[in-house]
1. Checking the condition assigned to a helix (DSSP H, G or I), among the aliphatic types (A, V, I, L, M), crowded, with 18+ Cβ neighbours inside 10 Å and at pLDDT 95 or above, which residue from VAL68, VAL41 passes?
2. Restricting attention to region 1-36, which residues are assigned to a strand (DSSP E or B) and within 13 Å of ligand 1 (Cβ to nearest atom)?
3. Kindly evaluate LEU104 against the criterion of being over 20 Å from ASP23 (Cβ atoms), within 16 Å of ligand 1 (Cβ to nearest atom) and surrounded by 19 or more Cβ atoms within 10 Å (Cβ to Cβ).
4. What are the residue pairs meeting all of these: first residue in region 15-35, first residue surrounded by 14 or more Cβ atoms within 10 Å (Cβ to Cβ), second residue of a type in the set (A, V, I, L, M, F, W, C) and part of a loop (DSSP other than H, G, I, E, B), Cβ atoms under 6 Å, and 6 or more apart or on different chains?
5. Regarding VAL61, is this residue touching a strand residue (DSSP E or B) at 6+ places or on another chain (Cβ under 7 Å), within 14 Å of ligand 2 (Cβ to nearest atom) and in contact (Cβ under 8 Å) with a residue 12 or more places away in the chain?
Amino acid sequence: MSDCLFCKIAAGEIPSNKVYEDDTVLAFRDINPQAPTHILVIPKAHAADSAAQITAENSAVVAHCFEVIAKIAAQEGLDAGFRVITNAGAAAGQTVPHLHFHILAGADMAEKLL
Ligand code: 5GP
Ligand code: ZN
């Protein structure tokens, strides 16, 4: 999608602080971190606006995102634990309508919803 922020980051048109990249998935540090470690994992292709659009046709990339999340957790040394969040829709706080997963770690999140 031509005016999608994360499509532009995936295409390298907007710079990002990359953590991981392969043919189909990119991970980079959130510009406004909500925890000491805050990484976004996105399919490079605009597979879906959000988790609300996952189907049998596009779910393989979601599985791959979670394989990447496990790799990043090991790479970043998140042995103490981490949280994965995906916001779907404005009422859930989604601001960028390109499917993505937040990895959050390094803060005590045990007693909180987010
Ligand atoms: P959402 O609110 O849609 O679940 O998450 C979007 C995230 O993208 C937010 O945490 C926000 O800080 C992050 N973000 C927005 N614009 C940029 C950007 O240009 N670069 C990076 N690295 N993160 C961004
Ligand atoms: Zn996009």
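1. Being assigned to a helix (DSSP H, G or I), among the aliphatic types (A, V, I, L, M), crowded, with 18+ Cβ neighbours inside 10 Å and at pLDDT 95 or above holds for just one of VAL68, VAL41, which is VAL68.
2. If the condition is that a residue be assigned to a strand (DSSP E or B) and within 13 Å of ligand 1 (Cβ to nearest atom), then LYS18, VAL19, LEU26, ALA27, PHE28, ARG29 are the ones that fit.
3. Spelling it out, LEU104 is indeed over 20 Å from ASP23 (Cβ atoms), within 16 Å of ligand 1 (Cβ to nearest atom) and surrounded by 19 or more Cβ atoms within 10 Å (Cβ to Cβ).
4. ALA35/ALA107
5. yes
The values are calculated or read from the model by the stated rules, or taken from the named source; none is laboratory data. Predicted model, so just to flag it, every value in this text is computed and none were measured. With ideal geometry, Cβ positions are generated from the backbone for all residues, glycine too; neighbour counts draw on all protein chains shown.
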